[in-house]
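What follows is a single structure, written as structure tokens, with notes after it.
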């Protein structure tokens with residue numbers, strides 16, 4: 001069950017910088033997941049202790065562009081992001097499975 005709560009880790013330039021300086025890591029999670037469920041899932045999968053968690057819900061945005069075939073429009077998906085702070089000395093290595 002804990003694996004179905006976390007969709008994917010958030011790996012961007014900004015999040016990598018925050019991870020190195022502040023020991024915070026980002027994840028895209030299910031919209032229905034609560035903070036205790038997210039904490040339990042991350043602690044179980046990565047074997048770390050979480051001090052703090054922040055969650056944000058992002059609304060899907062409309063996107064449109066003009067291409068050779070004409071005007072196309074669509075919508076990006078809505079998602080929920082969780083930023084977790086770990087204990088000092090602990091870290092999560094997202095690249096260990098590669």
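Observations, loosely collected:
- In percent, rounded to a whole number, the relative contact order of region 2-86 is 34, using alpha-carbon pairs under 8 Å and six or more apart.
- Between helix 35-46 and the chain: long-axis angle, C-alpha atoms, 0 to 90°, nearest 10: 70 degrees
- Were the residues from residue 55 through residue 37 laid out at 0.36 nm apart, the gain over their Cα-Cα distance would be 5.3 nm.
- Crossing angle, helix 13-22 versus the chain [Cα axis fit, 0-90 degrees, rounded to tens]: 20 degrees
- 16 Å tail of the calculated P(r), region 1-46, as % of Cα pairs: 38 percent
Readers should treat all values here as calculations from the given coordinates under stated rules, not as data from a laboratory. Keep in mind that this is a model prediction, so the values were computed, not measured.
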